Amino acid sequence: MKVLVTGATGFIGNYVVQEIINKGFHVITTSRNREKAKAYEWFSKVQYIAHDLHDHQHNYFKFFHEPNILIHLSWEGLPNYQDFFHFESNLFSNYFFLKNMIEHGLENCVVAGTCFEYGMQSGSLHEDMDTKPVTSYGLAKDALRRFLEQLQCKFKFDLKWLRLFYIYGPGQGRSSILSQLERSLENQKEVFNMSGGEQLRDYLPVKKVAEYIVEVAVQDKITGIINCCSGSPVSIRRLVEDYLKQHEQTIELNLGYYPYSDYEPMAFWGNVGKLKKAAGETI
């Protein structure tokens, strides 16, 4: 079985590629920068094809050697969630790439969505809920999903839309709260500035996220929208305190230094019923 991974050199992509290799599948990876890709441990174990998805091909399916499964993680410009380029540029470049793959023969398409599609809705978020995005990023992802669902009226293919929640682990972006905390500790800061920390969020380590993505991709029982998360809310303050305890570190938390976000509800997490079924886990 051949699996193509776009965005292979991204935070999540790196772990997904390694997980597919561990499963013993033939892996094709793509990103824009071959030199960056060469630095990854998996580079010599995969078939790498450098490509910018903005540079259109007549037949992407053939260009990427007719994969059995596409895991599409590519998306530019994060974490600038409110920038218009998400729907002015990213939405259409991603749609036309995926449409091209599908119309030329792709039958199994796995795409990374986002919990931001839910917008300001609180509590346990279920895949059947209406989407109400309030960010440019959430709007663009939600529109891409709708475009692909409409394509299913014309082309026969499985669509697995994985709504990713919050992810942490080695290699995460510098703006994430744990990355900021790590830098503060490394620089021996006495105080760590943060929000009040009472927001409830749904976090998963990136390695577990990669395992779920691959498990969902290779099964054919559960399709459509699937939340990819833990199902267990934790406060931001507890996340930080647990990290400090785990790493036997101390730093004064300056709670309330930053205001709470105006594009996220105070408390939300994902329902994991579909995810557990897809991964063959007990609910």
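The values are calculated or read from the model by the stated rules, or taken from the named source; none is laboratory data. Model, not experiment: these values are computed from the prediction. Neighbour counts are summed over all protein chains in view; Cβ atoms, including those assigned to glycine, are modelled from backbone coordinates with ideal geometry.
Could you list, in sequence order, all residues of segment 170-214 that are of a type in the set (D, E, K, R), surrounded by 13 or more Cβ atoms within 10 Å (Cβ to Cβ) and either closer than 20 Å to THR250 by Cβ or modelled with pLDDT under 95 (or both)?
GLU182, LYS189
Report yes if ASN100 is modelled with pLDDT of 95 or more, closer than 30 Å to THR135 by Cβ and not charged (D, E, K, R), otherwise no.
Answer is yes for this residue.
Criterion first (surrounded by 16 or more Cβ atoms within 10 Å (Cβ to Cβ) and touching a Leu at 6+ places or on another chain (Cβ under 7 Å)) does VAL240 satisfy it?
Yes; evaluated as a whole, the condition is true for this residue.
Got at least one residue in segment 215-231 being closer than 21 Å to MET120 by Cβ and modelled with pLDDT under 95?
no
Considering only residues that are part of a loop (DSSP other than H, G, I, E, B), surrounded by fewer than 23 Cβ atoms within 10 Å (Cβ to Cβ) and aliphatic (A, V, I, L, M), which ones fall in segment 95-122?
The answer is MET120, and nothing else.
Against the definition (of a type in the set (Phe, Trp, Tyr) and surrounded by fewer than 16 Cβ atoms within 10 Å (Cβ to Cβ)), how does PHE43 come out, yes or no?
Considered against the rule, which asks whether it is of a type in the set (Phe, Trp, Tyr) and surrounded by fewer than 16 Cβ atoms within 10 Å (Cβ to Cβ), PHE43 comes out as no.
Quick grid of which residues meet (1) touching a strand residue (DSSP E or B) at 6+ places or on another chain (Cβ under 7 Å); (2) surrounded by fewer than 21 Cβ atoms within 10 Å (Cβ to Cβ); (3) free of Cβ contacts under 8 Å to residues at least 24 places away in the same chain:
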site	(1), (2), (3)
ILE20	yes, no, no
LYS62	no, yes, no
PHE87	no, yes, no
PHE92	no, yes, yes
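Among the residues of segment 101-147, write down those that are in contact with a Gly (Cβ under 6 Å, 6 or more places away or on another chain), of a type in the set (D, E, K, R) and over 27 Å from ILE69 (Cβ atoms).
LYS132
Considering each residue of segment 142-182, count those that are free of Cβ contacts under 8 Å to residues at least 40 places away in the same chain, part of a helix (DSSP H, G or I) and under 23 Å from LEU275 (Cβ atoms), and give that number.
Residues meeting the conditions: 3.
Among the residues of segment 239-255, write down those that are touching a Gly at 6+ places or on another chain (Cβ under 8 Å) and under 16 Å from SER176 (Cβ atoms).
VAL240
How many residues does segment 243-283 contain that are assigned to a strand (DSSP E or B) and either within 18 Å of LEU162 (Cα to Cα) or without any contact (Cβ under 8 Å) to a residue 24 or more places away in the chain (or both)?
Going through segment 243-283 one residue at a time, the tally reaches 3.
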